[in-house]
Amino acid sequence: MPRNLPDSESNHYQLLDFGDGRKLERFGMRVLDRPSPAAEGLRRADRSLWRDADSVFDKSAKRWHHRRAWDAAFRLDCDGFVMPISPTPFGHVGVFPEQSPNWAWLRQNSLSSIDAARTPGSDSNSDPYPQGLNLFAYTGASTIAMAVSGLAVAHVDAAKPNVASAKIAAEANQLNNHPIRYLVDDAAKFVAREVRRGRRYQTIVMDPPAYGHSPRGKTWRLERDLWPLLDHSIELLDRCAFRLLITGHSPQVDAGDVVDYLRSNLPSQVGVGRGKLARAIQFDRLTIATPVGRRLDFGFFVRLAIDQDR
């Protein structure tokens, strides 16, 4: 694998190849070979590319094999902010590059009415910042994307190490003093409490797993638990202007299911017209292309931005 990359590419991401349940990726100047459920049943395009991987994750042993030392100071350029990259015992590295288009969308502030959030005593809260909520927030890339665009953010994840990593990411972006609440909490329980508190958010992001369990053992099933979570999340949305981003990676729930739910519930709950809602909803698959144009699918996204003054 060539190492003479130009400086402009030395800290970016690229998907090089995939197949046989694995993906070959470049993070900066380091090439990783690791498992990818999305690549099951697919063939690799060029096996010769895989010979020079710097780090290979052994799924059965749950360990990485490094050909050269990992640079702990490396930061991935996410086009507007950076994220620390570090290998985990689960084959992850602390960031999901397929979310890059969503990070770009979150950095945009296209809602003219969002300034109402800065007016004390408004319906949106008396906080001087517009409010963002990141559920199942992992290590915080979406949190950082919102923070760098000027939102105060509630970062919610049930895993304490993920929340600790989000704090490190904020420090890497000089956001130490920015209003970010780091919350080790169950997403559904947190949202229910926020509804009772009468909170309002201008942006809500969620990337729920297909299945999982809380530290206390409560199970999560996307096809069962997403809908009450969405119902409570809608109650938290600012009525003047809001953005909603939902991503998922489960065969049991797809973008069409989420879009149908929003079309059925948002008009009555937040007072948005059906025509306006239909024009505002965007949905598609999250994919990344290799240099030869092959695309690997990473699930769906649904996003919408509603400004009642437009």
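Overview of results
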| read-out | value |
| --- | --- |
| Candidate set: the stretch 292-310, residues that are open to solvent by 50 Å² or more (accessible area, probe 1.4 Å) and either touching a strand residue (DSSP E or B) at 6+ places or on another chain (Cβ under 8 Å) or assigned to a strand (DSSP E or B) (or both); chosen: the one nearest to LEU244 (Cα to Cα) | GLN308 |
| The stretch 77-109, subset of a type in the set (D, E, K, R) and in a helix (DSSP H, G or I), residue nearest to the chain's Cα centre (by Cα) | GLU98 |
| Residue in the stretch 178-186 that is modelled with pLDDT of 95 or more, over 23 Å from LEU229 (Cα atoms) and not aromatic (Phe, Trp, Tyr) present | yes |
| Selection status of ASP297, within 19 Å of the chain's Cα centre (by Cα), among the charged types (D, E, K, R), under 24 Å from GLN99 (Cα atoms) and modelled with pLDDT of 95 or more | yes |
| Test: residue in the stretch 54-74 that is under 27 Å from ASP157 (Cα atoms), touching a Ser or Thr at 6+ places or on another chain (Cβ under 8 Å) and outside any strand (DSSP E or B) | yes |
| Enumerated helices (runs of 4 or more DSSP H) restricted to the stretch 129-211, each holding at least 2 residues that are in contact with a Phe, Trp or Tyr (Cβ under 6 Å, 6 or more places away or on another chain) | 141-148, 160-172 |
| Breaking point among (1) open to solvent by 40 Å² or more (accessible area, probe 1.4 Å); (2) in contact (Cβ under 8 Å) with a residue 60 or more places away in the chain; (3) over 17 Å from the mean Cα position of the chain (by Cα), for ALA241 | (1) |
| Which numbered condition ARG51 misses (of (1) over 27 Å from SER142 (Cβ atoms); (2) assigned to a loop (DSSP other than H, G, I, E, B)) | (2) |
| Unmet requirement for ALA159, which otherwise passes all of (1) small (Gly, Ala, Ser); (2) modelled with pLDDT of 95 or more; (3) touching a Pro at 6+ places or on another chain (Cβ under 8 Å) | (2) |
| Candidate set from the stretch 227-256 (those that are in a helix (DSSP H, G or I) and among the hydrophobic types (A, V, I, L, M, F, W, C)); member that is nearest to PHE298 (Cα to Cα) | ALA255 |
| Qualifying residue in the stretch 284-291 (condition: part of a loop (DSSP other than H, G, I, E, B), surrounded by fewer than 14 Cβ atoms within 10 Å (Cβ to Cβ), modelled with pLDDT of 90 or more and out of contact with any Gly (no Cβ under 9 Å at 6 or more places or on another chain)) | yes |
| Residues within the stretch 161-171 that are open to solvent by less than 30 Å² (accessible area, probe 1.4 Å) and in contact (Cβ under 8 Å) with a residue 60 or more places away in the chain, tallied | 1 |
| Of all residues making up the stretch 28-43, the number that are outside any strand (DSSP E or B) and under 18 Å from PHE298 (Cβ atoms) | 7 |
| Condition check for GLU223: of a type in the set (D, E, K, R) and at pLDDT 95 or above | no |
| Count of residues meeting criterion [under 23 Å from ARG294 (Cα atoms), surrounded by 17 or more Cβ atoms within 10 Å (Cβ to Cβ) and not small (Gly, Ala, Ser)] in the stretch 43-68 | 6 |
| Meets criteria (at pLDDT 95 or above and not polar (S, T, N, Q)) for PRO120 | no |
| All positions within the stretch 264-283 that are touching a residue at least 24 places away in the same chain (Cβ under 8 Å), in a helix (DSSP H, G or I) and either open to solvent by 40 Å² or more (accessible area, probe 1.4 Å) or of a type in the set (S, T, N, Q) (or both) | ASN265, GLN269, LYS276 |
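Here is a yes/no grid of residues against (1) over 25 Å from ILE306 (Cα atoms); (2) surrounded by 17 or more Cβ atoms within 10 Å (Cβ to Cβ):
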site: GLN174; (1), (2): yes, no
site: PRO179; (1), (2): no, no
site: ARG197; (1), (2): no, no
site: PRO209; (1), (2): yes, no
site: LEU222; (1), (2): yes, yes
site: LEU230; (1), (2): no, yes
site: LEU237; (1), (2): no, yes
site: LEU262; (1), (2): no, yes
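The values are calculated or read from the model by the stated rules, or taken from the named source; none is laboratory data. Small disclaimer: the values here were computed from a predicted structure and weren't measured. In this analysis, Cβ positions are derived from the backbone assuming ideal geometry, glycine residues included, and neighbour counts consider all displayed protein chains. Calculation scope for accessible area: heavy atoms of the full protein, side chains included, ligands and nucleic acids excluded. Shrake-Rupley method; radii C 1.70, N 1.55, O 1.52, S 1.80 Å.
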